[in-house]
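Novice: There's a structure below that I have some questions on.
The values are calculated or read from the model by the stated rules, or taken from the named source; none is laboratory data. Note that this is a predicted model, so its numbers are computed, not measured. Counting neighbours? That spans all protein chains shown, and the Cβs are built from the backbone with ideal geometry, glycine included. Accessible surface areas use protein heavy atoms only, side chains included; no ligands, DNA or RNA. Shrake-Rupley method; radii C 1.70, N 1.55, O 1.52, S 1.80 Å.
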Amino acid sequence: MIRLDKFVCDATGCSRSQAKRLIKSGCVTVNQTPVFTPDSKIKEGEDAVAADGRTLNLTGKVYYLLHKPAGVVSASRDAISETVLDLLKGAPGRDLFPVGRLDKDTEGLLLLTNDGALAHRLLAPGRHVEKTYLVRTDRPITQEMLDRLAQGVDIGDETPTRPAKAAFLPDEPNGLYLTLTEGRYHQVKRMLHAVGAEVTYLKRLSMGPLTLGDTLPKGSWRNLTEQEKRDLGVS
Ligand code: URA
């Protein structure tokens with residue numbers, strides 16, 4: 001038997017005081033019944049513990065999807081600017097880090113976790129995980145530009161970019177959807193520059209099986225759903 005608050009700490013990586021607060025707020029259930037007392041005893045492996053409807057286990061791994069706003073840096077710490085981890089204050093979890101980076105002026109989907117193995121799988125160059133961006137530019141996009149982006153372009157690296165998917169943005173001449181399977185430095189901006197346009201706005205819409213959707217406000221985060229975790233192979 002262990003105390004409920006200790007179990008919640010161990011399962012989520014949160015601090016004991018965060019666990020107590022969570023339990024007292026009524027978010028934690030044991031066998032589907034809310035339990036409000038942090039020192040209640042539970043039987044590990046027998047009692048089903050959940051927080052906000054999510055089953056807790058003792059791996060301590062957490063997965064958050066953040067709608068990153070522009071102006072925030074994708075680092076864990078920064079002396080001057082607000083970081084994506086600052087936006088996750090209050091989210092249970094130890095040793096969180098962003099999976100890959102978005103530029104300071106880029107918005108959109110960013111996964112934060114403490115699961116290094118998952119991050120490695122998503123970022124490994126050989127895996128070619130798809131990332132889709134909504135891109136706005138300083139001039140109209142032409143079919144020729146889309147064709148060149150789709151083939152792969154020379155952006156000054158040793159090798160040209162891998163073939164990408166590129167499509168017009170409906171009703172916006174100065175825009176496109178671009179799907180990449182690599183993560184080079186400033187890749188979208190450099191690819192557009194190579195075909196004669198400058199990026200004026202950039203937003204990541206998806207990464208592998210994860211999509212941002214329309215309901216998560218900018219600057220907010222949510223837990224991955226059980227289905228999303230299954231899609232990523234972590235549940
Ligand atoms: N490509 C870029 O140029 N910037 C980003 O933030 C992401 C992809």
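Novice: Please go through the stretch 144-158 and pick out each residue that is over 28 Å from the mean Cα position of the chain (by Cα) and within 14 Å of residue 194 (Cα to Cα).
Specialist: As a first pass, look at the stretch 144-158 and keep what is over 28 Å from the mean Cα position of the chain (by Cα): 144-145, 147-148, 154, 156, 158.
144, 145, 147, 148, 154, 156 - these are the residues of the stretch 144-158 that are over 28 Å from the mean Cα position of the chain (by Cα) and within 14 Å of residue 194 (Cα to Cα).
Novice: Mind listing just one residue for me: the one in the stretch 203-235 that is over 13 Å from the mean Cα position of the chain (by Cα) and surrounded by 16 or more Cβ atoms within 10 Å (Cβ to Cβ) and, of those, nearest to residue 68 (Cα to Cα)?
Specialist: 234
Novice: Among residues belonging to the stretch 84-143 that are closer than 22 Å to residue 193 by Cβ and in contact with a Pro (Cβ under 8 Å, 6 or more places away or on another chain), point out the one that is most open to solvent (accessible area, probe 1.4 Å).
Specialist: The extreme case among them is 140.
Novice: When you scan the stretch 202-234, how many residues do you find that are of a type outside the set (Ser, Thr, Tyr) and in a loop (DSSP other than H, G, I, E, B)? Please lay out each step first, then the result.
Specialist: Residues of the stretch 202-234 of a type outside the set (Ser, Thr, Tyr): 202-205, 207-210, 212-214, 216-219, 221-224, 226-234.
Imposing the further condition that a residue be in a loop (DSSP other than H, G, I, E, B) reduces the set to 208-209, 212-214, 216-219, 224, 233-234.
Count: 12.
Novice: Continuing with this model, one more query. Can you tell me which residue within the stretch 180-202, out of those that are open to solvent by less than 20 Å² (accessible area, probe 1.4 Å) and within 12 Å of the ligand (Cβ to nearest atom), is nearest to residue 69 (Cα to Cα)?
Specialist: The selected residue is 202.
Novice: Could you list, in sequence order, all residues of the stretch 59-68 that are over 16 Å from residue 229 (Cα atoms) and either out of contact with any helix residue (DSSP H, G or I) (no Cβ under 8 Å at 6 or more places or on another chain) or loosely packed, with under 13 Cβ neighbours inside 10 Å (or both)?
Specialist: 67
Novice: Mind counting the residues in the stretch 142-152 that are more than 16 Å from the ligand (Cβ to nearest atom), in contact (Cβ under 8 Å) with a residue 12 or more places away in the chain and in a loop (DSSP other than H, G, I, E, B)?
Specialist: 0
Novice: A follow-up question, please. Which of the following residues is in contact with a Ser or Thr (Cβ under 7 Å, 6 or more places away or on another chain), within 15 Å of the ligand (Cβ to nearest atom) and under 30 Å from residue 89 (Cβ atoms): 134, 110?
Specialist: 110
Novice: I'm trying to understand the selection: among the residues of the stretch 100-156, which are touching a helix residue (DSSP H, G or I) at 6+ places or on another chain (Cβ under 9 Å), of a type in the set (S, T, N, Q) and closer than 23 Å to residue 174 by Cβ?
Specialist: 106, 137
Novice: Being open to solvent by less than 70 Å² (accessible area, probe 1.4 Å), of a type in the set (Asp, Glu) and in a loop (DSSP other than H, G, I, E, B): is that true of residue 39 here?
Specialist: Considered against the rule, which asks whether it is open to solvent by less than 70 Å² (accessible area, probe 1.4 Å), of a type in the set (Asp, Glu) and in a loop (DSSP other than H, G, I, E, B), residue 39 comes out as no.
Novice: Of the numbered conditions (1) part of a helix (DSSP H, G or I); (2) closer than 14 Å to residue 183 by Cα; (3) in contact with a strand residue (DSSP E or B) (Cβ under 9 Å, 6 or more places away or on another chain), residue 126 fails exactly one; give the number of that condition.
Specialist: Looking at each condition in turn, residue 126 falls short on (3).
Novice: Write out, first by first residue and then by second, each pair whose Cβ atoms fall under 9 Å of each other, whose residues are 6+ apart or on separate chains, and whose first residue, in the stretch 102-125, is within 24 Å of residue 12 (Cβ to Cβ) while the second is in a helix (DSSP H, G or I) and β-branched (Val, Ile, Thr).
Specialist: Correct list of pairs: 110/84; 112/84.
Novice: Select from the stretch 167-179 the residues that are aliphatic (A, V, I, L, M) and within 14 Å of the ligand (Cβ to nearest atom) and write down the one among them that is surrounded by the most Cβ atoms within 10 Å (Cβ to Cβ).
Specialist: Among those residues, the one meeting the criterion is 178.
Novice: Then there is this: State whether one or more residues within the stretch 153-163 are assigned to a loop (DSSP other than H, G, I, E, B), away from the ligand (no atom under 15 Å from the Cβ) and open to solvent by less than 40 Å² (accessible area, probe 1.4 Å).
Specialist: There is no residue in the stretch 153-163 that is assigned to a loop (DSSP other than H, G, I, E, B), away from the ligand (no atom under 15 Å from the Cβ) and open to solvent by less than 40 Å² (accessible area, probe 1.4 Å).
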